[in-house]
Structure formats: C-alpha cells, structure tokens
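To start, the structure itself, in structure tokens.
The values are calculated or read from the model by the stated rules, or taken from the named source; none is laboratory data. In this text, all values refer to a predicted model and were calculated from it rather than measured experimentally. Virtual Cβ from ideal backbone geometry, glycine too; neighbours counted across all protein chains shown.
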Amino acid sequence: MFNIVIFGKPGSGKGTQADFLKNKYDLYHISTGDLFRKNISNKTKLGLEAMFYLDKGDLVPDSVTIKMLENEVLSNKDVNGYIFDGFPRTHSQAAALDAFLAEKGEGINGMVALEVTEDLLVTRLLKRGETSGRSDDQDELKIRNRFNEYETKTAVLKDYYQDQNKYFGVDGIGSIDVITKRLCEIIDKL
Ligand code: ADP
C-alpha cells in the first residue's frame with residue numbers, strides 16, 4: 001500500500017490538492033472534516049455529537065475521531081492506499097493511526113505539508129465562507145480559534161513525522177497547478 005498524509009493549517013488547500021492526488025496516485029481520499037459534515041447533514045448520532053465542536057472551530061475529541069477514521073478505512077479496504085486529509089490532528093491520533101496501520105503490516109509513506117502564512121489563510125477562509133455555507137468559515141474569531149487549536153494540538157505532528165524522516169513541506173502559495181507539481185515532485189520519490 002501507498003499511504004500519505006496531507007497536512008497544513010485550515011485553508012491551506014489540503015482538500016483541493018487531495019482531489020488531484022487521489023486520481024493521480026489512485027488513492028482513497030479520507031477527509032475527516034468532510035466525514036463530520038456528512039454526518040451532520042444526515043443528522044446521525046456522530047453528527048449530533050460533532051456539530052458543536054465544528055461550529056466553534058474546536059477539534060472533535062480523539063476517541064470519536066479515531067473511531068470514525070478506523071471505520072472509514074475498514075469499510076474501504078480494497079484500495080491501493082489512502083490519502084489522509086485532516087487526520088491526524090493530534091499526537092494521539094498519529095500514534096493511533098500508526099498502530100492501526102501496523103496491525104495490517106502497513107504504514108505511512110510520508111506527510112506532505114502545505115505551508116501558508118496565517119494572514120493569507122484568513123482571507124482565503126472568509127472568501128470560502130461566502131459560498132461554502134460553513135459557519136466556521138464565516139467568523140474571524142472561529143477561524144482564529146482553529147489556528148489556535150492547530151498551534152496547541154496539531155503543529156507537534158511536524159516533529160512526529162520529521163523524527164521518522166517522513167515530513168516534507170512545500171510552499172503552499174501560488175497557483176493550484178504549481179502547488180500540485182511541488183507536491184508530486186516529493187510524492188514521486190516516496
Ligand atoms: P479545515 O482544515 O479548513 O479546518 P476540515 O474540514 O479539515 O477544515 O475540518 C473542519 C473541522 O472538523 C475542524 O475544525 C474540527 O472541528 C473537525 N475535525 C476535522 N478533522 C479532525 C480531526 N482529525 N480531529 C478532530 N477534529 C477534526
């Protein structure tokens with residue numbers, strides 16, 4: 001299997017790039033944010049549990065998120081590999097993912113990270129909020145809270161993957177095509 005994590009702050013372009021990469025490398029795309037939003041719109045028990053966190057821009061508790069991720073992998077087993085988008089977002093999630101994949105004799109080949117400055121991200125997210133309908137994109141305080149969650153809980157994952165020589169950052173500013181090329185240059189060598 002070939003498994004990659006696409007990493008970056010909210011609004012850095014993970015979902016956009018994952019859409020290209022899943023086709024190019026024939027990977028199954030798992031976006032935890034999309035899964036939560038799907039559950040919220042279908043009013044499932046998981047959705048009802050998650051909606052308060054998403055609306056505030058807080059991370060959903062690890063136990064809930066990890067279980068959802070594992071279920072998604074287990075329901076989509078016949079694939080060449082996965083592109084994980086928005087997961088892991090905490091140290092516990094990263095450790096759980098490694099353990100879960102190791103049980104299957106698999107692992108993460110690499111993490112590719114989109115590096116973008118916060119000011120540009122706020123502009124991008126507010127713009128997205130005009131059409132996405134996402135309440136967490138429409139309020140600068142909620143956006144700042146997501147950055148705060150990122151700094152306090154998620155940023156440590158750079159070191160987690162760097163310690164395994166699996167972290168590869170790219171400049172996430174530029175046209176979509178140029179950024180895709182930057183990512184592919186790295187992924188081709190993994
Ligand atoms: P963005 O990267 O723009 O913040 P996402 O769609 O990836 O958008 O995530 C939206 C929200 O979903 C997060 O703010 C959080 O509430 C929840 N979420 C997504 N992934 C995770 C995760 N791995 N752990 C906890 N919460 C998550």
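Cβ-Cβ distance below 7 Å, separation of 6 or more or different chains: which pairs start in segment 131-153 with a residue that is at positive phi and end on one that is surrounded by fewer than 16 Cβ atoms within 10 Å (Cβ to Cβ)?
none
Say we look at segment 5-46 and pick out the residues that are near the ligand (Cβ under 10 Å from one of its atoms) and of a type in the set (D, E, K, R); which of these is surrounded by the most Cβ atoms within 10 Å (Cβ to Cβ)?
If we take residues in segment 5-46 being near the ligand (Cβ under 10 Å from one of its atoms) and of a type in the set (D, E, K, R), then Lys14 is surrounded by the most Cβ atoms within 10 Å (Cβ to Cβ).
Consider segment 125-181. How many of its residues are under 18 Å from the mean Cα position of the chain (by Cα) and of a type in the set (S, T, N, Q)?
Count: 7.
What is the number of the single condition among (1) surrounded by 21 or more Cβ atoms within 10 Å (Cβ to Cβ); (2) more than 7 Å from the ligand (Cβ to nearest atom); (3) in a loop (DSSP other than H, G, I, E, B) that Phe2 does not meet?
Phe2 satisfies every listed condition except (1).
To keep it simple, each residue is scored yes or no on (1) of a type in the set (S, T, N, Q); (2) within 7 Å of the ligand (Cβ to nearest atom); (3) in contact with a Pro (Cβ under 9 Å, 6 or more places away or on another chain).
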{"residue": "Met51", "(1), (2), (3)": "no, no, no"}
{"residue": "Asp58", "(1), (2), (3)": "no, yes, no"}
{"residue": "Leu69", "(1), (2), (3)": "no, no, yes"}
{"residue": "His91", "(1), (2), (3)": "no, no, no"}
{"residue": "Ala95", "(1), (2), (3)": "no, no, yes"}
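Answer yes if at least one residue in segment 151-160 is farther than 23 Å from Glu70 by Cβ and touching a strand residue (DSSP E or B) at 6+ places or on another chain (Cβ under 7 Å), and no otherwise.
Yes, there is a match, as at least one residue in segment 151-160 is farther than 23 Å from Glu70 by Cβ and touching a strand residue (DSSP E or B) at 6+ places or on another chain (Cβ under 7 Å).
Every residue in segment 67-100 that is in contact (Cβ under 8 Å) with a residue 40 or more places away in the chain, under 29 Å from Asp171 (Cα atoms) and surrounded by fewer than 20 Cβ atoms within 10 Å (Cβ to Cβ), please.
Those that are in contact (Cβ under 8 Å) with a residue 40 or more places away in the chain, under 29 Å from Asp171 (Cα atoms) and surrounded by fewer than 20 Cβ atoms within 10 Å (Cβ to Cβ): Asn80, Gly81, His91.
Yes/no matrix, rows are residues, columns are (1) more than 16 Å from Ile4 (Cα to Cα); (2) aliphatic (A, V, I, L, M):
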residue	(1), (2)
Lys67	yes, no
Glu70	no, no
Ile83	no, yes
Pro88	no, no
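Output yes when any residue across segment 121-132 is modelled with pLDDT of 95 or more, part of a loop (DSSP other than H, G, I, E, B) and buried (at least 18 other Cβ atoms within 10 Å of the Cβ), and no when none is.
no
Condition first: of a type in the set (Asp, Glu), assigned to a helix (DSSP H, G or I) and under 29 Å from Pro61 (Cβ atoms). Can you find one or more residues in segment 165-178 that meet it?
No, segment 165-178 contains no residue that is of a type in the set (Asp, Glu), assigned to a helix (DSSP H, G or I) and under 29 Å from Pro61 (Cβ atoms).
Show the residue pairs meeting these rules: Cβ distance below 9 Å; 6+ apart or different chains; first residue within segment 35-58 and free of Cβ contacts under 8 Å to residues at least 40 places away in the same chain and acidic (Asp, Glu); second residue within 11 Å of the ligand (Cβ to nearest atom) and outside any helix (DSSP H, G or I).
From segment 35-58, the pairs are Glu49/Val60; Glu49/Pro61.
From Val116, Val60, grab the single residue that is touching a strand residue (DSSP E or B) at 6+ places or on another chain (Cβ under 9 Å) and surrounded by 13 or more Cβ atoms within 10 Å (Cβ to Cβ).
Exactly one residue qualifies, and that residue is Val116.
Determine which member of the set Ile143, Ile108 is β-branched (Val, Ile, Thr), part of a loop (DSSP other than H, G, I, E, B) and either away from the ligand (no atom under 13 Å from the Cβ) or closer than 26 Å to Leu183 by Cα (or both).
Ile108
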